Amino acid sequence: MDSWCALALLLFSASVIGRSAALGRGRWLALPIAIALIVPLVLRRRAPTAVFVVTAIVALIQWAFAIPLGPGDLAILVALYTVAAHAERRDALAATAIVLLGIVMAATRFHFGEIPGSLLGPAAIALAALILGDDLRTRRAYLAELESRAERLEREREAETRRAVVEERAAIARELHDVVAHNLSVMVIQAEAASYSISEDPAQAQRAMRAVTDTGRQALDEMRRLLEVLRPDVANDARRPQPGLSEIPDLVDGVRQAGLAVELRIQGDPKPVAPGVQLALYRIVQEALTNTLKHAGRGAASAVELRFDLAQISARVSDDGQPSVRPRPGRGQGLVGMRERAAMYDGTLVTGPGPAGGFQVEVRFPVQATR
């Protein structure tokens, strides 16, 4: 486009120069001056300041040889506009000052008329070129900022989406760990009990295998519910709710059927608890009972205590097993998962040997975090 515009201006200027009788002998120099003024406009967007400098030098040569102004001198205004639109503002102001100085020099040399009046029109045109170019530069910078902001917001949304996916996968991994670890531990213990008693007490073996079946179905049901989270075609209302405080008695009964003597105690008046805190309490109790099944040894007894106070809600799982065979605190995914669940809702988790022997796990949630 710049090339075509420069060619049109050059042809028009050559036509005017060829018909002008005022040039006389200066016609042989007027055409090269016009070419030197117009041809650099082809590169005006790539090097706006350099193109303006070239046109200003050519215009100075034209002034020095007293060649009258012609259509080619419009290239100076185009170069000024380009500097204002594509270069720094200080370059545009310097170019405007040069153009205004050139107008004064041309008016003095070529006698446009009365100096004050003859300067107003060209000066107004030069200032208009500056204003239009500066306005275009401002609009372009504004659009560039909008595009940059949109790209930045898009990147932030993508990063947020990736972070949410990672957090969701971590939550699902914790849920799968809790489901698999607890239910498989119960199934293994029940299967071992059935194998020991199948010849001596078939009824007991049958009850143990029935418990294995029920536990396996529960595990499959919970895993199916977790995997449905990954399916976009499953409606939210079709998913079963996550376990909470009301399911803890069933959890204790299931562990009791697995052969562990468990006592459930509830102290205080139950209060409304947020679903997320209920799920955290359930999973922590589930993991603690699973660890008791794994490490407390035969004949151990356990107790689950839920306490509802004015300032906090707590759950404690303790047993009278042998603490020497327990994993050290901070090792294994189970203890890490419990600690993460507690921290998610500003809770605190304490694990270690109990005051009367055995091992205990206690988690406390402040009341404000449960609402």
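The values are calculated or read from the model by the stated rules, or taken from the named source; none is laboratory data. Keep in mind the model is a prediction, meaning the values are calculated, not measured. Because the Cβ atoms are built from the backbone with ideal geometry, glycine has one as well, and the counts that use them run over all protein chains shown.
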Might you let me know whether segment 74-88 holds any residue that is modelled with pLDDT of 85 or more, under 22 Å from Ala126 (Cβ atoms), surrounded by fewer than 16 Cβ atoms within 10 Å (Cβ to Cβ) and acidic (Asp, Glu)? yes
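For segment 130-171, which residues satisfy the criterion of being small (Gly, Ala, Ser), within 17 Å of the chain's Cα centre (by Cα) and modelled with pLDDT under 85? Talk me through it step by step, then tell me what you get.
Looking only at segment 130-171, we keep the residues that are small (Gly, Ala, Ser), and these are 133, 141, 144, 148, 150, 159, 164, 170-171.
So of that shortlist, the ones also within 17 Å of the chain's Cα centre (by Cα) come out as 148, 150, 159, 164.
Ala159, Ala164 - these are the residues of segment 130-171 that are small (Gly, Ala, Ser), within 17 Å of the chain's Cα centre (by Cα) and modelled with pLDDT under 85.
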Among residues of segment 52-94, those that are under 48 Å from the mean Cα position of the chain (by Cα) and not β-branched (Val, Ile, Thr), counted: 16
So which residues in segment 41-72 are of a type in the set (Gly, Ala, Ser), touching a residue at least 12 places away in the same chain (Cβ under 8 Å) and either in a helix (DSSP H, G or I) or not assigned by TED's automatic domain parsing to the domain that holds Gly102 (or both), if there are any at all? Ala56, Ala59, Gly72
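To keep it simple, each residue is scored yes or no on (1) under 22 Å from Asp178 (Cβ atoms); (2) of a type in the set (A, V, I, L, M); (3) modelled with pLDDT under 90; (4) not in a helix (DSSP H, G or I).
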| residue | (1), (2), (3), (4) |
| --- | --- |
| Arg298 | no, no, yes, yes |
| Leu310 | no, yes, yes, yes |
| Val317 | yes, yes, no, yes |
| Arg331 | yes, no, yes, yes |
| Arg341 | yes, no, yes, no |
| Asp346 | yes, no, yes, yes |
| Arg364 | yes, no, no, yes |
| Gln368 | no, no, yes, no |
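Mind telling me which of the residues Arg140, Arg155 ends up being within 21 Å of Arg45 (Cα to Cα) and surrounded by fewer than 13 Cβ atoms within 10 Å (Cβ to Cβ)? Walk me through how you get there before you give the answer.
Working: Arg155 fails: within 21 Å of Arg45 (Cα to Cα).
Answer to the selection: Arg140.
Hey, among the residues in segment 10-26 that are part of a helix (DSSP H, G or I) and in contact with a Gly (Cβ under 8 Å, 6 or more places away or on another chain), which one's modelled with the lowest pLDDT? Talk me through it step by step, then tell me what you get.
Start the filter on segment 10-26 by keeping residues that are part of a helix (DSSP H, G or I), which leaves 10-19, 24-26.
The next check asks that each one be in contact with a Gly (Cβ under 8 Å, 6 or more places away or on another chain); those that pass are 10, 13, 16-17.
Working: Leu10: 81, Ser13: 79, Val16: 75, Ile17: 72.
Per the stated criteria, the residue is Ile17.
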